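Working notes for the structure below.
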Amino acid sequence: MTSAPKLNLSPKVSDEVRKTTCYMCACRCGINVHLKDGKVAYIEGNRDHPINKGVLCAKGSAGIMQVNAPSRLRAPLKRVGPRGSGQFEEISWDEALQIATKTLAPLRKNDPSKLAFFTGRDQSQSFTSFWAQNFGTPNYAAHGGFCSVNMAAAGIYTMGGAFWEFGQPDWDHTKMFMLFGVAEDHDSNPIKMGLGKLKARGAKVVGVNPIRSGYNAVADEWLGITPGTDGLFIMALIHELLKAGKIDLHYLAQYTNAPVLLNSDPAAPDYGLFLRDDAGKPLVIDRTTGKPAAFDRKGVKPDLAGTWRKGGISHRPVFHQLAETYLSPDYAPDAVADRCGIPADTIRRIAAELAHVAFEQAITLPIKWTDFRGEEHSEMTGRPVSFHAMRGISAHANGFQTCRALHILQILLGSVEVPGGFRFKPPYPKPPEAHPTPHCHARPDLPLDGPHLGFVQGPDDLALRDDGTPARIDKAFTWENPMSAHGLMHMVISNAHAGDPYKIDTLFLYMANMAWNSSMNTRGVIDMLTDTDANGDYVIPNIIYSDAYSSEMVAYADLVLPDTTYLERHDCISLLDRPICEADAAADAIRWPVIEPDRDVRGFQSVLCDLGARLELPGFINDDGSAKYADYGDYIVNHQRKPGIGPLAGWRLPPEGSGVGGTSDDGHAVGRGSPNPEQLDKYIENGGFFVEHIPAEASYYKPWNRAYQDWAVGMGLYDTPQPYLFQLYVEPMRKFQLAAEGHGDRQPPDHLRDRVRAAMEPLPIWTDSTAGDADYPVHALTQRPMAMYHSWGSQNAWLRQIHGQNPLYLPSKLWNQHGFADGDWARVTSPHGAIVVPVALQAALNDNTVWTWNAIGKRKGAWALDETAPEATRGFLLNHLIHELLPPKGDGLRWANSDPVTGQAAWFDLRVRIEKADPPDQSQPAFDPIASPVGQGPGSLAWKVGK
Amino acid sequence: MTDLPDKTDRKLGLVIDLDTCVGCHACVISCKGWNTENYGVPLSDQDPYGGTPSGTFLNRVHSFEVQPDQGAAQTVHFPKSCLHCDDAPCVTVCPTGASYKRAEDGIVLVNEDACIGCGLCAWACPYGARELDRAAGVMKKCTLCVDRIYNENLPQEDRLPACVRTCPAGARHFGDLGDPDSAVSQLVADRGGMDLMPELGTRPVNKYLPPRPKDTGGEIDILAPLLAPVAEEPKGFLGWLDKTLERL
C-alpha cells in the first residue's frame, strides 16, 4: 500500500516580514520576524545583516517564546506587602511616574548622589548614562564590572580595543586560532561562523579552557588549564618566543612603545615614566641620527636597542625592560607547567607553532597604504595567528594583568591589525586618551560635571571627594581599584547597605537580577535589600526596578516599571555605545515595535524620557519646560551628542554648508549630519541596520593608517586623526605606583600603599588569585550554555527543555575519589557557605575543577514557573558560595573579591571542598517561594498562529 | 504494511559535520519554530512551565564523551533527526500507509490525515527519530522541510531546511546524495562521510562527517629549531637585537 498525498509545497510563509535586531543575548543579530494575523509566527536570521549574515542561534529562534512568555509583567506595580514577599498592586503609569518623580525630585534638588542608578544588560548605555549625568548623580554604571571589564580595560589601555565588540579575528585569513576561557556567551554567532570558516579550510583551533564543552569540543587541541593560570601560561609562551627571537621587531619598533625611552634611575621622581619632549610626546632614539626624537616625527626610525643619558639620568627603551622581565627563568615552561597543568613540552610546542605560523607562514596582501609618519608601503604583511578571550580569563582577581599579557603576546607576534591576525571594529581602535576621564562632581540641582565612566591617566583622575573618600557608592576609580572603567555594580547593594562610603536614598535598577544570579552572596544581598534600621525603616530606603519579566529582583522593589519585550520597542545599537560594526565596516542598528504590546507596559528608555522631563532635567526639556522627547524613538532621531553626531550614523541630513560627512549616494550624510525625521523609516527599509564600508586601503593597520584615520574623522568617530602606539608598558599604571611610593600630592591611604604598588605593575605580572586555604582544594566555575543566556533563558518554554537543570560536573578523578555514582548529590563548601546539589560526571574536564551552568537555578515563584520546576528544585546557583568580600584578614577592613586594578568581580577565583551528601528533597539552600505577580504559565502549548 | 519505492529519482538529505558542530542547538529550535508553524499539526509542549516539561522535537542534539586510549577525553556533539533511509523500517511497518517515502526525492513523510498514532513506526526506527505529538496524537518527524525546499514563496537561497539555513557554524549541508557530483556527495567523499549504524541495513541517506583527529599535537622535533635560543643570557639577547636591527 503506497499513499502519497498531494502536498502544498509552497505554503504562504507569512503575511509580512519585519526586520529588527535580536535581544535574546548581547550578540545583536539581525532577525526577520514573520507575522501572521499580526502575531509573531517565526523568527529567522537576516541574511543581509553584518553580524549574523542569516544564521541564528537557538536563543534567537526561541524569541517567539520570549514574546509570548507568561512571565511578562503586565502593568506598573506598587509594593503592598513587605519587601521580598512579591505582594503588589497594579497601578497606572500616571501614578507610577508620580511616585518616581516624588521620590527622585528632592534628591536631585538637594544631593543627586543619593540616587544610585545602575543598569544591567542594558544596550542603551549612552542614553542611560546621559540621563544619569543630567540627573547629576555620580552613581551610574552598567554591568561591566561583574562581567568582563578586565578584558575591556586591559585591551583599551594596551592597544585601544579588546575582543568581541572591539574587534575580531581575521577569520578569512587566520591559520591558527587560540581561544582562552569561557567565551560561548558573547559574540555568539560570529564566533561560531568564524570557527566554521576555519574548520572548512582546516585551520588549527586551540582551546585553552578547564572545560571541554562547546567550542573547546571542536578544538583541534584542548589544553585543560588550571583556572586562573592563563597569565602564567601566556607569559611562558612570551618567554619562549623572546628567547628564540621569534618576535616581530619591525612591528614593535614602528607601532608600539617598545622603543620609547623610560627613566631608569630608581632614585629619580620620574623613575619608570617616559622621556618626553616639551610638547609631551614620548621620545624614541632615531636610528638615523642616534638622537631622541618624538615617536611620531616624519621619517623617524625608532630604535629598540639605543639608550640615552640626560641630566645624569639614564633612559632605556621599554623593550629592554620587557625582555629582561619575561626572559626571567620564573617564566620558563618548566617553571610554570605544574601550576598551569600543562606539560612544559606542550607549552614549548605551542610557542613553536605560533612562531611557525606567524613568521614562516606570513601572508601579504597587495594593498598600498601610508602610515602616520608619512611612509608609504606597497603591501600589507600579515601574521596569521589570532586569539579570542572573554570572561574566562577576565573574571579573576589577576584578570586585568592576564588580559594584558594576552595582548602583549599578540603584539609581540605582530598579529594585531594585520592580515590574518586580530582586527579592530569601528569605533575602535581608540586609545585611552581618546576616551573621557571619570567625572564625579555632584552638585545640588545641577548635572554631573561630565561622563561618569572613563579611563584614568593617573591619580589625579580618581573619583575622590575633596576629603579623599570615594565619590561613588561603588568605590569605582579609587585606590582600591583605580582603573574601574565600567564601575562595580556588584558592590552597590553591599556598600549602600553598609553606608560605606555614604548612605543613599534610592536604588534604581534596570534589567539586572541583583536579588538572584547577578549578585555574589545572593542570600546576603537579599537580606541587605530587606534589612531595616532601628526605626523599622528599610536601610536602603527606596528601590525602583524596571524589567520586562517577573524576575527574582522584582519582589524586592517598591515600584516596578514594566518594560516591553524586545519586539515591542525602539532601541538603537549605537556607535556612541556598543555598536554592531565589523572589521570592514562601521554599522549600527535599531529595534522598532514590530508588534504592539498587549499589556500596559512601556519601553524603559521612553519612560526615562518622560521621567527626565518631569524632573526637569536639562537635556530632557525644551526652553519652555516642555518634554523634549515624545519617546525613545524621538530621542534616537533628534538627540545630538555634539553638533552633527547623534545616536545613529546612517541617513542623516547633509550638515548645512559644511560639506562634512561620509559618502552617500542618495543625498544623505553618513556619520556627521543633521537629524533626519525620516531616519527610522530609512533604517526599517534597509532591514533595521546601516553599514558603511571601510575603504580597502584603510582595512588593516588602522591605528597607524592615514586612510583609516581620515575615514574615521569623516564618520565622526574622531574629531581629529588619533594615531597612537600600542602600550606594552602602561605608563598610567606606573603613575599609581609612584604615588604609592610617596611621590605626588594625591596619596593612597597607608593601608593600600603596598597593594597599589604591587597591583599596578606597568608590565603584566601573574599573581595566584585562586590561592587559598588547603581546606578548599577544588576550583569551581560556571559557564553559560550557548542555548541560553543570563536569567531569561530558563523561563523560555523551548529553551528550558534543553537546559532545565544544572548538575555540578565533576572530573573523573574527583568522581572516583569520592565514589560518586549517577544520581548522587554533593555538599559543596567554600569559605563563605555550602550548597547541596546534584552531580554528574564529565571526563573532559580539568582534574581539579568542577563547574555548572550559570543562572539555570530559579527561585520558586519567579518567572511564572511552577514551584515544582526543576530549575527551582534541582537547579542551583554557585553564587551562594561566592562573597563580594574576601574573608576577613584580621585588619578590620572590607576587602572586595575583585581585581585590584579594575574592581572586576572575581567569580572564577572560587575554591571549594566536595563531599558526598545524602540526597535532600531539593537543592540546598532552598528559599521560600515568592508570590508571583503574574501567575503561572499554561499547562500546554501548541503555538500556531494564522491559518 | 506500506511499500517503499523501488528507487527514488533523487536522494535529498543532510550531511552533518561532527568536526564542526559546537552543540549550540540552533538547528533544534529553528526546526521547532518552522515545524510548529508549518507542515501538519504544531509541535506541542506539555507542562511547558512546570515540573516535567516535555515537547515534540524533530531534531535533537546529543552530547557524548569519548575517552581515547591515550590523551584527554573528547566531547562530541551529535545532532540527530530522521535519516530518510532507503530501506526505512518505519515505512514498511506502517499499518495505514501514513508513513511513506517519496519516489521523487526520497523524503520520508507522515501523512497526518492517515496516521492513527499507533506508534509502530517509532518502535521500528532504530534511531529514535520519530516523536508522537501528545497533543495531536499523530506521529511527527523531520520532513526535510519539504514545505521550504520547493517553496516558491521563498527566495531561491532560502529553499533549504530550516536547520541548515540557521546553523551558525555551517556544520549542516543539504543536497542530493544520489548525485555523485553534488557538493554534498563531494564533501562526503572528501571527508570520509559515514552512515549511522550501517549494520542495520537501513541505508540512511543522511551522512555524518567524522571528527578529525584531535590532540595530536605537532612534532616538537620538527618545530624545535624555531625555538633555538638566540642567546643564553638576556644581555646576549640585546646584543643579538642590535645585530638584527642593523639588518632591518
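The values are calculated or read from the model by the stated rules, or taken from the named source; none is laboratory data. Keep in mind that what you see is a predicted model, and the values were worked out from it rather than measured. All Cβ positions, glycine included, derive from the backbone under ideal geometry; neighbour counts span all protein chains shown.
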Residues that are within 17 Å of A:ILE684 (Cβ to Cβ) and outside any loop (DSSP other than H, G, I, E, B), drawn from segment A:1-39:
A:GLU16, A:VAL17, A:ARG18, A:LYS19, A:THR20, A:THR21, A:GLY30, A:ILE31, A:ASN32, A:VAL33, A:HIS34, A:LEU35
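Given the options A:ALA351, A:ALA337, A:ALA358, name the one that is in contact with an Asp or Glu (Cβ under 6 Å, 6 or more places away or on another chain) and either at pLDDT 95 or above or within 14 Å of chain B (Cβ to nearest Cβ) (or both).
A:ALA351
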Would you call A:ILE526 assigned to a loop (DSSP other than H, G, I, E, B) and either at pLDDT below 95 or in the same structural domain as A:VAL492 (by TED's automatic domain parsing) (or both)?
no
Counting only residues in segment A:600-622 that are acidic (Asp, Glu) and in contact (Cβ under 8 Å) with a residue 12 or more places away in the chain, the one farthest from A:ILE99 (Cα to Cα) is identified as A:ASP600
Look through segment B:131-185, keep the residues that are under 17 Å from the mean Cα position of the chain (by Cα) and free of Cβ contacts under 8 Å to residues at least 24 places away in the same chain, and return whichever of them is nearest to the other protein chains (Cβ to nearest Cβ).
B:LEU160
Using beta carbons and a limit of 7 Å, which pairs, at least six apart or on different chains, have the first residue in segment A:692-718 and touching a residue at least 12 places away in the same chain (Cβ under 8 Å) and under 15 Å from A:LEU576 (Cα atoms) and the second one of a type in the set (Val, Ile, Thr) and assigned to a strand (DSSP E or B)?
A:GLY716/A:ILE645
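Residue-by-condition table, conditions (1) modelled with pLDDT of 95 or more; (2) assigned by TED's automatic domain parsing to the domain that holds A:HIS832:
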| position | (1), (2) |
| --- | --- |
| A:GLY903 | yes, yes |
| A:PHE908 | yes, yes |
| A:SER923 | yes, no |
| A:ALA926 | yes, no |
| A:VAL945 | no, no |
If you go through segment A:418-471 one residue at a time, how many are over 28 Å from A:GLU616 (Cα atoms) and in a loop (DSSP other than H, G, I, E, B)?
21
Sort through A:LYS291, A:LYS310, A:LYS301 and tell me the only one that's more than 30 Å from A:THR782 (Cβ to Cβ), more than 14 Å from chain B (Cβ to nearest Cβ) and at pLDDT below 95.
A:LYS310
Condition first: surrounded by fewer than 24 Cβ atoms within 10 Å (Cβ to Cβ), touching a residue at least 40 places away in the same chain (Cβ under 8 Å) and under 28 Å from A:PRO579 (Cβ atoms). Can you find one or more residues in segment A:7-18 that meet it?
yes
Whichever residue in segment B:117-130 is small (Gly, Ala, Ser) and touching a Gly at 6+ places or on another chain (Cβ under 9 Å) and, among such residues, is farthest from the other protein chains (Cβ to nearest Cβ)
B:ALA122
Could you pull out the residue among B:GLN74, B:GLN46 that is under 23 Å from the mean Cα position of the chain (by Cα) and either aliphatic (A, V, I, L, M) or within 8 Å of chain A (Cβ to nearest Cβ) (or both)?
B:GLN74
Just one of B:VAL41, B:VAL91, B:VAL28 is closer than 24 Å to A:ALA4 by Cβ, β-branched (Val, Ile, Thr) and in a helix (DSSP H, G or I); which is it?
B:VAL91
Within segment A:66-77, the count of residues that are at the interface with chain B (Cβ under 10 Å from one of its Cβ atoms) and crowded, with 24+ Cβ neighbours inside 10 Å comes to 1
Collect the residues in segment A:284-314 that are touching a Phe, Trp or Tyr at 6+ places or on another chain (Cβ under 7 Å) and either closer than 17 Å to A:PRO723 by Cβ or part of a strand (DSSP E or B) (or both), keeping them in residue-number order.
A:VAL284, A:ILE285, A:PRO292, A:ASP296, A:PRO302
Scan segment B:30-43 for residues that are closer than 25 Å to B:ALA169 by Cβ and either more than 7 Å from chain A (Cβ to nearest Cβ) or touching a residue at least 12 places away in the same chain (Cβ under 8 Å) (or both) and report the count.
8
Selected residue (criterion: nearest to B:PRO211 (Cα to Cα)) from residues of segment B:79-116 that are within 19 Å of the chain's Cα centre (by Cα) and within 11 Å of another protein chain (Cβ to nearest Cβ)
B:ILE107
List every residue pair whose Cβ atoms lie under 8 Å apart, where the two residues are 6 or more positions apart in sequence or sit on different chains, the first residue falls within segment A:936-947 and is in contact (Cβ under 8 Å) with a residue 60 or more places away in the chain and more than 7 Å from chain B (Cβ to nearest Cβ), and the second residue, located anywhere, is surrounded by fewer than 17 Cβ atoms within 10 Å (Cβ to Cβ) and part of a loop (DSSP other than H, G, I, E, B).
A:VAL945/A:ASP37; A:GLY946/A:ASP15; A:GLY946/A:ASP37
Return the only residue of A:ARG201, A:ARG212 being within 11 Å of another protein chain (Cβ to nearest Cβ) and charged (D, E, K, R).
A:ARG212
Condition (residue is in a loop (DSSP other than H, G, I, E, B), in contact (Cβ under 8 Å) with a residue 60 or more places away in the chain and acidic (Asp, Glu)) applied to segment B:68-88: is it met by at least one residue?
yes
Where residues in segment A:35-59 are among the small types (Gly, Ala, Ser) and in contact (Cβ under 8 Å) with a residue 12 or more places away in the chain, which of them is farthest from the other protein chains (Cβ to nearest Cβ)?
A:GLY38
Among the residues in segment A:778-789, are any at pLDDT below 95, of a type in the set (Phe, Trp, Tyr), surrounded by 21 or more Cβ atoms within 10 Å (Cβ to Cβ) and in a loop (DSSP other than H, G, I, E, B)?
yes
Inside segment A:294-316, can you point out the residues that are under 38 Å from the mean Cα position of the chain (by Cα) and farther than 11 Å from A:GLN254 by Cα?
A:ALA294, A:ARG297, A:LYS298, A:ALA305, A:HIS315, A:ARG316
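Mind checking whether some residue in segment A:481-503 is part of a loop (DSSP other than H, G, I, E, B), of a type in the set (Gly, Ala, Ser) and at pLDDT below 95?
Looking through segment A:481-503, none of the residues is part of a loop (DSSP other than H, G, I, E, B), of a type in the set (Gly, Ala, Ser) and at pLDDT below 95.
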Considering each residue of segment A:449-503, count those that are over 24 Å from the mean Cα position of the chain (by Cα), under 17 Å from A:PRO749 (Cα atoms) and among the aliphatic types (A, V, I, L, M), and give that number.
1
Considering segment A:817-840 alone, what residues qualify as being surrounded by fewer than 18 Cβ atoms within 10 Å (Cβ to Cβ) and more than 30 Å from the chain's Cα centre (by Cα)?
A:GLN817, A:HIS818, A:GLY819, A:ALA821, A:ASP822, A:GLY823, A:ARG827, A:ALA840
Taking first residues from segment A:861-879 that are within 12 Å of chain B (Cβ to nearest Cβ) and second residues anywhere that are not in a loop (DSSP other than H, G, I, E, B), the pairs with Cβ under 6 Å that are 6 or more apart or on different chains are A:ALA862/A:GLU552; A:TRP863/A:GLN795; A:GLU871/A:SER794; A:ARG874/A:PRO838
